[in-house]
Amino acid sequence: MTQQPLRAVAVLTTWDRWSRALDAALADPGVAAELAAFAPERVDADRRPDLARRLAPGGVPALAILAPDGTPLVATGYAPPSVLREILRSAAFQWSTRSSMILAEARRSREAVLELTSLRPSRGLPDEGFVRAAVGELVESADPSGGWGESPAQLRAASLRLLALRPDVEGAAETLARALAALKRGPLAGAEAGTYFSDAEDGDPPDTLERPAELADLLVAFRCVGDREAASRLEARLRSLRGPGGAVPVALAGPIRHLETAESTFLVAEALGDLPEGFPAFFDPATGLVRHRAGVDDPVFHLADQAAALAALLPHDRPAAGRLADAVTAHFFSPGAPAWRDRLGPPVEFEPLDTPAFPVDDNARLAGAVLHLGTPHADRAESVLSGFVDAYRGLGHPAARLALAITRGRGGGNGPAPV
């Protein structure tokens, strides 16, 4: 019986510099020769963020190597052709000599991860201690010069917003002030305020760019501390991302992640306090859900888009928000978790990845909005939030969005529309 080849999946976007670099490296004749031993495939990370999250946990771009049945084995980011050749050659050799052992180990690891991340909800919202612990961890792990030891391109906007909303926790205000000051000295300085540049070459668009979700959180953080100048510059930046009909245009100020998607448009709308003029074009009449792109007939729906739209709709059109919440519950909610899974649509081509995934950021954003719709929606949102607490207790940045949703659900935060 002939052994099936491994699958080599390139997870790319169409716009960023490193995706172009990885794509070029994969076309190198030596790399192409090594790829001949694999079943090569491609995934557009902008159209399928659910697959990108699971195939490329370290970020996009990535080259993921999977077993023939779709079980993920390893993933690497950009590497020059010489390194890619060695990675592919080694993977092919290991698979040819010990495939059964590799597959058994990968499946055991996956089962262990599923067990560790199983959700154990309790009744009611998580206690205040979870939020205070999340803020305390951010305070303790912060650098004295501002930030958390990451490159300026690694914006921790949700963490900044959490610190801004919880100045009652010891050290939170001081930590936030240092981080915001560092941002103003670095990425927010100059004419292109609000755009994050790292090491893009002349003529290239920035290779690490802001997401509207991050700018929205950062705008709230500056508003909370009363920095009107920085807030107004960020607000202008967000407004510049809005094109005709409220869509986020491809050509304005360089590309951004998730171009012209519902998530981008509704997050910008929420931060600025107004809905896009053309927002009805995002709604799919058959399901009542929000499409990934306005007016595009695509059978794949993403939880991130539903969460962003619901939060933006809530202060403007409460009945529409309630209808969307009903549709999201009908199509996305898994009572056994309980949580909202990350995708609705046809089965994916990678069988093990078609098991439900429950991204904490999207669940927290959605739950934070749903809490304000009253029962039974609020009861469901409370169980979702409480289910994530054990897995994310003490994790700092990964827990920030969850702690934000809990804070907003308890009536804290800035403004009526929870994010």
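For the stretch 255-270, a residue qualifies if it is closer than 25 Å to Ala367 by Cβ, open to solvent by less than 30 Å² (accessible area, probe 1.4 Å) and either touching an Asp or Glu at 6+ places or on another chain (Cβ under 8 Å) or assigned to a strand (DSSP E or B) (or both), and the qualifying residues are His258, Thr261, Ala262, Glu263, Phe266.
Has the stretch 80-89 got at least one residue that is among the β-branched types (Val, Ile, Thr), in contact with a strand residue (DSSP E or B) (Cβ under 9 Å, 6 or more places away or on another chain) and closer than 14 Å to Phe350 by Cβ? Looking for residues that are among the β-branched types (Val, Ile, Thr), in contact with a strand residue (DSSP E or B) (Cβ under 9 Å, 6 or more places away or on another chain) and closer than 14 Å to Phe350 by Cβ, one finds none in the stretch 80-89, hence no. Taking the stretch 91-110 as the range and being within 23 Å of Leu22 (Cβ to Cβ) and open to solvent by 60 Å² or more (accessible area, probe 1.4 Å) as the test, the residues that pass are Phe93, Gln94. Among the conditions (1) in contact (Cβ under 8 Å) with a residue 60 or more places away in the chain; (2) over 18 Å from Pro80 (Cα atoms); (3) open to solvent by 10 Å² or more (accessible area, probe 1.4 Å), Thr14 misses just one, which is (1). Taking the residues in the stretch 274-302 that are farther than 25 Å from Pro347 by Cα and either aliphatic (A, V, I, L, M) or modelled with pLDDT of 85 or more (or both) as candidates, determine which candidate is most open to solvent (accessible area, probe 1.4 Å). By that ranking, first place goes to Pro280.
Across the stretch 61-77, the number of residues qualifying as crowded, with 18+ Cβ neighbours inside 10 Å, touching a Phe, Trp or Tyr at 6+ places or on another chain (Cβ under 8 Å) and over 18 Å from Thr355 (Cα atoms) comes to 2. Among all residues of the stretch 183-190, there is none that is part of a helix (DSSP H, G or I), at pLDDT 85 or above and either more than 27 Å from Asp362 (Cα to Cα) or open to solvent by 20 Å² or more (accessible area, probe 1.4 Å) (or both). Number of residues in the stretch 344-353 that are out of contact with any Phe, Trp or Tyr (no Cβ under 7 Å at 6 or more places or on another chain) and open to solvent by less than 60 Å² (accessible area, probe 1.4 Å): the value is 4. Taking the condition of being in contact with a Lys or Arg (Cβ under 9 Å, 6 or more places away or on another chain), hydrophobic (A, V, I, L, M, F, W, C) and either assigned to a loop (DSSP other than H, G, I, E, B) or at pLDDT 85 or above (or both), how many residues in the stretch 143-168 meet it? Within the stretch 143-168, residues that are in contact with a Lys or Arg (Cβ under 9 Å, 6 or more places away or on another chain), hydrophobic (A, V, I, L, M, F, W, C) and either assigned to a loop (DSSP other than H, G, I, E, B) or at pLDDT 85 or above (or both) number 6.
With respect to the stated conditions, Ala400 is touching a Lys or Arg at 6+ places or on another chain (Cβ under 9 Å), buried (at least 24 other Cβ atoms within 10 Å of the Cβ) and assigned to a helix (DSSP H, G or I).
The values are calculated or read from the model by the stated rules, or taken from the named source; none is laboratory data. Owing to the predicted nature of the structure, the values given are computational and were not obtained by experimental measurement. Cβ coordinates were reconstructed from backbone atoms using ideal geometry, including for glycine residues, and neighbour counts include every protein chain displayed. Ligands, DNA and RNA are excluded from the accessible area calculation, which covers all protein heavy atoms including side chains. Shrake-Rupley method; radii C 1.70, N 1.55, O 1.52, S 1.80 Å.
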